[in-house]
Amino acid sequence: MNAEKVAFGFFILFAATLNFGFVIGDIDNPAHHNHWELFCAVAVNFVATALKFGDRTHIGAIHLASSLVALLQLIAATLVWFFADQANRAINPADMASIVSLACGALLANIVSVVIMVVETTMQRR
Amino acid sequence: MNNVFFNALRRLRWPLAAMIIIFALSTAGVALIPGVDANGQEWRPSIFQALYFVAYTATTIGYGELPQGFSDIQRLWVTIVIFMSVFGWAYLLASVLALFQDKGFQSALIHTRFRNRVQKLQGPFYILCGLGETGRLVAQALDQIGHQFSALDIDEQSVLEFDLQNLRSDHPALAANATLADNLLIAGLNHPRCKGVLALTAKDEVNLAIGVAVRLLKPQLRLVSRASNGAAAASMRMIGVDEVINPFYEFASSMDIAMRAPDTHRLLSWLTEARGAFLPPRIPAPPGRWVVCGHGRFGAEMVQRIEQGGYDVTIIDPAVYESSSSQARDLQSGMADGDNLVSRVRHIAGAGTDEAVLLRAGLAAAHGLVAGTDDDTANLAIAMTSRRINPNLFVIARQNLVASGPLFEAFKADMTMVPSAIIANQCLAVLRTAHLSSFLREVRRRENEWARELIGDLTGKFGARSPEVWSCALIPSEAPGLLDAIKYSVRAAQISDLVGTSQNGREPEPCVALALVREDAIVLRPEAATPLKGGDQLLLAGVKAARHRISAMMLNANAAKRALGSQRV
């Protein structure tokens, strides 16, 4: 048991679950996608990326890369939301679809992160 | 850079994560807690407005309560936000400061900077190992003739002193152990423009280790090593060091040449000194008795040479057995020529600084004195006392430290032996001009008469100042123009075409071909009518203008054709 490892696993998994929770639902229905969930997903993804800094192994590099991809996609989704909100004071289905599709891409990267973590864990023999 | 950068991020990831969490929590709180607007209606800042507010509050910029005044509940939360963010910043800054104070991180930064500077070196460069007195002299000289180098020394203080030296260009230097292959690689051993390695540390075993590493990793590199005794020099030659410089041996053998062939000695020192040096006067080699004080590495070499020259020698050293038998001498100097019937060597135990000992050694009737201990003060004391006893004495003084230079200059010994200067000179002669060292080696084998003739020729052309000596190769990369002209010329090109022909009645700039190297064979002072072939290499001596003219000829086909054609009838 190691607090650092717990935190590491926690944030990676939490980033993926929040992302999934935001994405699930009809792609163009604004009622199915909560902006607070997106906010949390972005924040947790930021933390997960920071925790992956500086691992010099090959797996560490892939870890960081997948996190950066997820983060970039989520930030793009947030920006789309922001500008859509500025333009017409409400989110129409077309905007929602592009926001959710961007977040879907982030989900894929987050899943890769989780898979790498699981594989890495199973490779560690006791 | 990459490694250091990621290492820094790795050390900062927890503080960064803490900052992110604090920002996220603060933003969420500000966006969720309702306030009351001017009309008494409930309002909430949007997430973006909340983030904006937290960004300027947490960084202590503090524009105030925007877009409108906050309610007391909001202010309560903002107070908490301020304290959280102060804690976050303090944590982050403390981590950053700790990181930069860390010795390991600092040395990683220095290593990385050094590696980057070496990687960016443009021209060909050398790796200089050892920045002691010798290393710094060589560094200065290399810098002056425009060579680049990277330097390694195990002692941080030496590197600092080197960095403070006034050099024309900036050379990367690192305090690191040069015997470790890793450090040699950082210094550019694998760099495509690395031309050679100079192992000039004060320790023979270190120089040997550097030699082994270089020969294993980069066998084709030029390798120059410093050795302080014959055994070390022999093992360095065995592993394939190109030039081994043993200052004691160099000095003793030049002393030997000075006694046997004074003109050869003048020629050698003239050509190896810095350019423009005045032709050194002939050294009067006194026949008769020599007194050698100090029988260490230097003293032993000198005794051997003086004895070979046919003189009697008296050794004064605290550590010798007082005797005059040849067996004791053999034990002392490791020589094994048992056929010496009459020993010419006498040993006296004692310090040379003791006047009684000097008198007992027969100094009053001696012709020469070698003050060769490893202590500068003792050497000066010996030399001064001896000169008082016997004013006509030929004095050779050994100066160990560059710092004692003014004292030795004031004393004006007939010859002063400065190991670091000898090494630096020799090193430069080897590096500055290809083939100069093999030319000098050949010269040493020649008779005195030959050298006297050459000196006569050279001084007739250049006066008492030594000419510039350089080498050139007739290969496509160096002499495209000349090779082109030779290909289409009616008659074969000769050395005289290159060295100089009078044009329009004007005498050419003085220039002499010292040697011609063709297929590894060296010809000294080749005939002016020798035809030139592609692949030939020449060692030339001449004034600067001649050098410019010849390099123009080598590069420019028209200039070469003009020179070749001017003699065509």
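Readers should treat all values here as calculations from the given coordinates under stated rules, not as data from a laboratory. Only a predicted model underlies this, so the values are computations on that prediction, with no experimental measurement involved. Cβ placement follows ideal geometry from the backbone for every residue including glycine, while neighbour counts extend to all protein chains displayed.
Values for this structure:
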read-out	value
Ranked list, fewest to most other Cβ atoms within 10 Å of each Cβ, for B:E301, B:E509	B:E509, B:E301
A:L79/B:A94 FRET efficiency (R0 25 Å; Cβ-Cβ; nearest 0.05)	0.15
Beta bridge orientation in chain B: antiparallel %, DSSP, nearest 5	35 percent
Percent of C-alpha pairs per 10 Å bin, region B:158-216, short to long	20, 49, 29, 2
Placed amide H near B:L12: partners under 5 Å, 5+ positions off or other chain	none
Residue-averaged 222 nm ellipticity for chain A, from DSSP H runs of 4+ at -39500 (n - 2.57), nearest 500	-28000 deg cm²/dmol
Cut-off under 5 Å, modelled amide H: who pairs with B:Q148 long-range	B:Y126
Options A:F22, B:A8, B:S158, ranked by Cα towards positive dipole end of the protein assembly as shown, top entry (Cβ charges)	B:S158
Chain lengthening between B:L221 and B:R387 when straightened (0.36 nm per residue, less Cα-Cα)	55.0 nm
Projected-area mean, region A:3-123, by convex hull of Cα positions, square nanometres	7.3 nm²
Amide H partners (placed H, <5 Å) of B:Q494, local residues excluded	B:L532
Cα pair distances in region B:399-465, grouped into 10 Å bins until the bin that holds the longest one, percent each	16, 29, 38, 17
Neighbour-count ranking [beta-carbon atoms within 10 angstrom, fewest first] of B:V197, A:V6, B:V292	A:V6, B:V292, B:V197
At 1.306 mPa s and 10 °C, Stokes diffusion of the protein assembly as shown via Kirkwood alpha-carbon radius, µm² per second	49 µm²/s
Share of alpha-carbon pairs per 10 Å distance bin for chain B, given as whole %	3, 13, 18, 18, 14, 10, 7, 6, 5, 4, 2, 0, 0
Estimated FRET transfer efficiency (B:R562, B:N448; beta-carbon r; R0 45 Å; 0.05)	0.65
For region B:45-87 and region A:21-87, distance of Cα centres in Å	24 Å
Test item: Cα-centred dipole of chain A, Lys/Arg +1 and Asp/Glu -1 on Cβ, debye	520 debye
Per DSSP, loop trypsin sites (Lys or Arg not before Pro) in region B:93-189 with at most 12 further Cβ within 10 Å	B:K120, B:R168
DSSP H segments from chain B that extend 27 Å or more along their own axis, Cα-based, with Kyte-Doolittle mean of 0.5 or above	B:13-32, B:72-101
Per-selection Kirkwood Rh - region B:467-565 (Cα, Å, 1 d.p.)	13.3 Å
Whole-Å semi-axes of region B:2-101's equivalent ellipsoid (Cα gyration tensor)	33, 12, 10
Local net charge near B:G146, Cβ-Cβ under 11 Å (Lys/Arg +1, Asp/Glu -1)	+1
Top positive-direction residue, dipole computed over the protein assembly as shown with Cβ charges, set B:L380, A:G54, B:Q101	B:L380
Farthest positive-ward along region B:420-569 dipole, Cα basis, beta-carbon charges - from B:P476, B:V443, B:L516	B:P476
Descending semi-axes in Å of region B:108-158, equivalent ellipsoid built from Cα gyration tensor	18, 17, 7
Charge context of A:V114, other residues only, Cβ under 14 angstrom, K/R +1, D/E -1	0
Debye intensity ratio I(q)/I(0), log10, region B:126-275, q values 0.14, 0.15, 0.19 Å⁻¹ (C-alpha model)	-0.70, -0.79, -1.16
Diffusion constant of region B:379-535 at 37 °C, which comes from Stokes-Einstein with the Kirkwood Cα-pair radius and 0.692 mPa s, µm²/s	168 µm²/s
Taking B:V224, B:V78 and counting other C-beta atoms within 10 Å, the order from fewest to most	B:V78, B:V224
Estimated distance in nm for a label pair at B:K195 and A:L108, the labels positioned 7 Å out from Cα along Cα-to-Cβ	5.5 nm
Neighbour net charge for A:I59 - beta-carbon separation under 11 angstrom, K R +1, D E -1	0
Only Lys, Arg (+1) and Asp, Glu (-1) charged, at Cβ; chain B dipole about Cα centre in debye	1560 debye
